[in-house]
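The block underneath contains the structure these notes are about, expressed in structure tokens.
Read-outs throughout are calculated quantities, based only on the coordinates presented, and are distinct from any laboratory measurement. Since the structure is predicted, the reported quantities are computational estimates derived from the model, not experimental observations. Reconstructed Cβ throughout: ideal geometry from the backbone, glycine too, with neighbour counts over all protein chains shown.
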Amino acid sequence: MEQRETPGPPLPRMRIPWSVRPAEPDGPDLDLIHDWMHTPHVVAFWNQDWTRTRWAETLRRQRAGDHSLPCLVSHDDVLIAYLEVYRVARDRLADHYPHHPGDLGVHVAIGAPGNTGHGLGRALLRAVADGLLAADPACDRVVAEPDVRNVPSVKAFRKAGFRFVTEIELPEKTAALLIRSR
């Protein structure tokens, strides 16, 4: 019942120099996401180096549902990251910690390797969390569950104000459960 009463995930309200929009399941968005998901630093932890067809189907399914929202994030009008915002109450993550009904989760992939390792990820994660909290007054927490082996990602989340809660076992990874409270 909680799933029916819980709204789908909102689009973050991000402030300049950031902007975000829903990702389109075809055209240039599909090409960009497909390319980013085939870069070694993304493949290592996302394991979604799928065909364009599979990505198009995934993006269409996400856009048609109310579980997750695929987005593209820009910094100074340059696309830099793929973002999935999801409602934890509708996700398998809900079975792994005492979630609140309004909790929102994020998956983030910075596409170009040149945009990693310079603090941009930390700033992005802070902006996304702030934007989600601004977009949804019922949300008190933004959560993430990166692979524990992805040390740069875990560090970036922590530097962006997320606190480490615990490790959780998911079918494809051991994840660091990280929470950013309002």
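Some observations on this one:
- Simple rule: put +1 on each Lys or Arg Cβ and -1 on each Asp or Glu Cβ in the chain, find the dipole, and look at Pro40, Gly161, Thr58; the Cα lying farthest toward the positive end is Gly161.
- Sites matching chymotrypsin sites (Phe, Trp or Tyr not before Pro) across region 1-105 that sit in DSSP coil, with at most 16 neighbouring C-beta atoms within 10 Å: Trp50
- Of the GluC sites (Glu not before Pro) found in region 119-182, those in coil by DSSP whose Cβ has at most 10 other Cβ atoms within 10 Å are Glu172.
- Shape of the chain, Cα gyration tensor, a/c cut at 1.5: rounded
- Only helices enter the 222 nm calculation for the chain: every DSSP H run of n ≥ 4 contributes -39,500 (n - 2.57), and dividing by all residues gives -9500 deg cm²/dmol, rounded to 500.
- Per-pair calculated FRET efficiency, R0 = 25 Å: Asp35 and Arg182 via Cβ, rounded to 0.05: 0.10
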